[in-house]
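Participant: Take a look at this one; I'll ask things after.
Only the coordinates and a few stated rules stand behind these numbers; no lab work does. What you are looking at is a predicted structure, and each value in this text was computed from that prediction instead of being measured. Virtual Cβ from ideal backbone geometry, glycine too; neighbours counted across all protein chains shown.
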Amino acid sequence: MAFSATARPSALAEMNVTPLVDVMLVLLIIFMVTAPLLSRPLDLSLPQGRDTPSPDKPSILSLDVAADGTLRLDDRPLSARDLRVRLDDALRSDPKTVLTLSASPDADYQQVVTALAEVRASGIEQVSWRGER
């Protein structure tokens with residue numbers, strides 16, 4: 001048994017990407033040639049819209065309870081007694097009135113509960129809490 005001193009060239013361990021690049025370039029050229037041909041306008045005949053009445057949106061009131069206990073309805077200051085009157089008026093003008101309630105983190109909890117009780121007594125059914133972001 002004789003050993004040969006010359007080493008045989010081994011197979012390359014890496015993949016030859018030249019054919020892959022050639023195929024990708026051919027595909028790129030095909031897409032570049034065909035893309036302008038595909039951008040023709042479409043003729044659409046849309047139906048005419050009807051004048052349908054939009055659903056009535058409820059009026060939205062904003063009630064804020066400040067840290068010092070003052071109440072503001074739609075950015076207008078008012079007392080706890082006037083709150084009930086204003087809420088009753090708003091509910092009479094629009095029965096679907098929605099109220100958003102916001103309270104300062106430093107506000108007295110009793111003031112918030114009192115304001116919420118007045119809202120509930122006025123008959124407004126949809127009340128949501130508005131928080132700070």
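Participant: Would you please list the contacts, defined by Cβ atoms under 6 Å and residues six or more apart or on different chains, that run from a residue in the stretch 68-97 that is on the phi > 0 side of the Ramachandran plot to a residue that is assigned to a helix (DSSP H, G or I)?
Facilitator: Note: pairs meeting the criteria are 69/111.
Participant: Can you list the strands (runs of 3 or more DSSP E) found entirely within the stretch 14-125 that contain at least 2 residues being out of contact with any strand residue (DSSP E or B) (no Cβ under 7 Å at 6 or more places or on another chain) and loosely packed, with under 10 Cβ neighbours inside 10 Å? Quick ask: steps written out before the conclusion?
Facilitator: Values: elements: 60-65, 71-73, 76-78, 98-103.
Result: empty, no element qualifies.
Participant: Mind listing just one residue for me: the one in the stretch 101-127 that is over 30 Å from the mean Cα position of the chain (by Cα) and not aliphatic (A, V, I, L, M) and, of those, nearest to residue 88 (Cα to Cα)?
Facilitator: By that ranking, first place goes to 122.
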